[in-house]
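A quick write-up on the structure given underneath.
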Amino acid sequence: MTAIREISCPVVTDAVKQLFLEANTMLGEDVLAVLEKARKTEISELGRHVLAQILENTAIAKESAMPLCQDTGFAVVFLEIGQDVHLVEGDLYEAVREGVRLAYADGYLRKSICDPLSRDNTQNNLPAVIHADIVPGNRLKIIAMPKGGGSENMSGTAMLVPAAGYEGIKRYVVEQVRAAGSNPCPPIIVGVGIGGTIEQSALLAKKALLRPVGQPNDKDERLHRLEQEILHEINKLGIGPQGYGGVVTALAVQVEMMPCHIASLPVSVNIQCHVARHREVIL
Ligand code: SF4
């Protein structure tokens with residue numbers, strides 16, 4: 001057990017604001033490295049040209065502190081709250097929401113959230129989607145993920161029959177990417193969640209996207225093999241960078257898994273475009 005530590009909610013607000021400002025203007029070194037590698041391995045000349053433009057765009061965005069893309073995303077926030085953290089001077093969720101609001105206002109980031117029926121814009125990019133886990137310790141980890149609509153739209157969940165097995169999972173994921181075509185702005189990163197319940201598989205698929213891009217699942221050799229086999233199949237589809245054809249449709253496939261009910265085999269695919277934005281801090 002660690003000593004109880006106080007963390008002030010206004011500190012959380014500042015951290016969340018900074019994370020969304022940075023995430024929207026800077027890609028992580030892991031993403032840049034796989035994009036550079038893709039530029040070397042792509043056999044299509046047009047595909048290589050697209051990848052060069054993507055890399056130039058990331059450099060301009062970083063230099064000028066401008067958004068990497070016009071779609072500055074749905075604000076998804078993952079919190080890992082140490083059980084020995086005492087949050088003071090406010091309400092944690094309200095502090096997170098205020099950080100999001102300030103980032104999108106002060107950073108002139110596009111507000112992209114609306115009422116699903118009236119389509120009226122909420123004008124402040126709120127609400128945020130907040131996933132919170134209680135963990136041991138006295139630290140607070142915050143991960144900010146602005147999630148673009150184009151790639152989120154191409155995601156999906158299937159309740160496969162258990163007999164579908166390993167090959168059925170592969171077929172479902174590859175078919176999801178084939179059907180998406182150029183819509184999620186490839187090259188993409190494919191997050192896959194297997195097992196749990198319907199909502200848990202979707203959350204696993206999203207959490208899989210938080211792993212450094214291209215870092216294999218080192219907890220389970222079967223999943224490492226599944227990631228490689230699905231990536232191979234996807235890159236045979238010929239969709240290529242931005243859908244102009246080529247061998248780099250996906251930069252990585254990242255799978256997370258948990259046990260499921262004996263009658264079920266839930267599989268979720270969360271597609272992430274090449275603007276794979278997430279930043280984190282530990283308070
Ligand atoms: S899918 Fe990604 S790259 Fe395409 S418009 Fe949305 S955020 Fe931008």
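The values are calculated or read from the model by the stated rules, or taken from the named source; none is laboratory data. Not measured: the values here are computed from a predicted model. Don't worry about glycine lacking a Cβ; one is built from the backbone with ideal geometry, like all the others, and counts go over all protein chains shown. Ligands, DNA and RNA are excluded from the accessible area calculation, which covers all protein heavy atoms including side chains. Shrake-Rupley method; radii C 1.70, N 1.55, O 1.52, S 1.80 Å.
What to note about this one:
- Taking the range 181-219 as the range and being within 23 Å of residue 34 (Cβ to Cβ) and open to solvent by 30 Å² or more (accessible area, probe 1.4 Å) as the test, the residues that pass are 182, 183, 185, 207, 210, 212, 214, 215, 216, 218, 219.
- Matching residues in the range 15-39 - criterion: being touching a Leu at 6+ places or on another chain (Cβ under 9 Å) and open to solvent by 60 Å² or more (accessible area, probe 1.4 Å): 36, 37, 39
- Among the residues of the range 2-14, those identified as out of contact with any Gly (no Cβ under 6 Å at 6 or more places or on another chain) and either acidic (Asp, Glu) or surrounded by fewer than 22 Cβ atoms within 10 Å (Cβ to Cβ) (or both) are 3, 4, 5, 6, 7, 8, 10, 11, 14.
- The residues on offer are 71, 120, and the sole one that is of a type in the set (D, E, K, R), surrounded by 15 or more Cβ atoms within 10 Å (Cβ to Cβ) and farther than 27 Å from residue 8 by Cα is 71.
- Among the residues of the range 250-283, the ones that are farther than 14 Å from residue 158 by Cα, outside any strand (DSSP E or B) and more than 14 Å from the ligand (Cβ to nearest atom) come to 3 in all.
- Residue under evaluation residue 229, criteria (1) free of Cβ contacts under 8 Å to residues at least 12 places away in the same chain; (2) under 21 Å from residue 201 (Cβ atoms), criterion not met: (1)
- Pairs, first more than 13 Å from the ligand (Cβ to nearest atom) and of a type in the set (Phe, Trp, Tyr) in the range 60-87, second open to solvent by less than 40 Å² (accessible area, probe 1.4 Å) and in a loop (DSSP other than H, G, I, E, B), C-beta under 8 Å, six or more apart: 78/210
- Residues being on the phi > 0 side of the Ramachandran plot and open to solvent by 10 Å² or more (accessible area, probe 1.4 Å) - total across the range 234-256: 5
- Lone qualifier among 210, 204 - being outside any loop (DSSP other than H, G, I, E, B), within 12 Å of the chain's Cα centre (by Cα) and hydrophobic (A, V, I, L, M, F, W, C): 204
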